[in-house]
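Each remark here refers to the structure printed beneath this line.
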Amino acid sequence: MMAEFHRLGLGEPIAVAAEHGDGFHTLADIIDPMLPPRTPQPEEDAPLAEKDDDAPIRVAIVGRDHGKCVAAAEALGGVGFGADVRDASQVATAFEAAHGALGALDVVVLSAGIARGGKVGEVTDEVYRERVATNVDGVFYGVRTAARLMGERGGAVVAIASLGGVVPIPTDPIYSLTKSAVVGFVRSVPRTSV
């Protein structure tokens, strides 16, 4: 994901570095060689919408803890909703409520994730399903619901993955598995279908 920012000329993530073989490198140094070449699309340079600099930015926050979401959103002058990202109907209900409260969804950021570490042989089916449901299913439900609500008007969906989506994390292979799925999914969704 950060490699995309680097390629688009938005700057190299100087503070992000990781050990990779022969020493420390920036995230873009590690990821760029692994990615297939991209052909820039003309619409990538076009703004999503003209924004009035004086218009307020309205925020909706959706998460498992309804109370925390409401408090955080109210501190920003927004609205909060409770939903478990593992449940497609809860995601749809919360996003529809946010859409109704705000009048539209312009940008959706999906950032739920579970990372707990552990040896593969010790991971129970229940723990595995919880991680996959949160880290993968939640992203799919969020992208699908956002695409439906944004419709022809358009918008942007940002799915937060992790360095674990492109390089191994031996201390948490299940997390790496799920974040690899997020990276693959987001790269596979055509811009015109979101």
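The values are calculated or read from the model by the stated rules, or taken from the named source; none is laboratory data. All figures in this text were calculated on a predicted structure; none of them were measured in a lab. In this analysis, Cβ positions are derived from the backbone assuming ideal geometry, glycine residues included, and neighbour counts consider all displayed protein chains. The protein model used for the area step is the full one, side chains on, heavy atoms only, and it has no ligands, DNA or RNA in it. Shrake-Rupley method; radii C 1.70, N 1.55, O 1.52, S 1.80 Å.
Over all other residues within a Cβ to Cβ distance under 9 Å of residue 175, the charged ones net out to +2, with Lys and Arg as +1 and Asp and Glu as -1. The P(r) of the stretch 115-194 has a tail past 15 Å containing 58 percent of all C-alpha pairs. Length available on full extension from residue 124 to residue 71: 0.36 nm per residue minus the Cα-Cα distance, which gives 15.6 nm. Less than 5 angstrom separates the built amide H of residue 62 from those of 81, all sequence-distant by 5 or more or on a different chain. Between residue 93 and residue 111, the contour length at 0.36 nm per residue exceeds the alpha carbon distance by 4.7 nm. Hydrodynamic estimate: the Kirkwood radius of the stretch 48-194 over Cα pairs, inserted into Stokes-Einstein at 10 °C and 1.306 mPa s, corresponds to D of 98 µm²/s.
Mind ranking 180, 111 by accessible surface for me, highest first, 1.4 Å probe?
111, 180
Here the 3J(HN,Hα) profile of the stretch 163-172, calculated from phi with Karplus coefficients 6.51, -1.76 and 1.60 at θ = phi - 60°, is 4, x, x, 10, 10, x, 10, x, 7, 8 Hz, Gly and Pro shown as x.
Evaluated over the Cα positions of the stretch 124-166, the convex hull gives a direction-averaged projected area, one quarter of its surface, of 3.8 nm². Taking the average, over residues, of other Cβ atoms within 10 Å as the packing measure, peptides 99-109, 158-168 rank 158-168, 99-109 from highest down. Under the criterion of Cα pairs below 8 Å and six or more residues apart, the relative contact order for the stretch 112-189 equals 40 percent. Taking amide H positions as modeled 1.01 Å from N, with prolines and chain starts lacking one, the residues under 5 Å from residue 107 and 5 or more places away or on another chain are 156.
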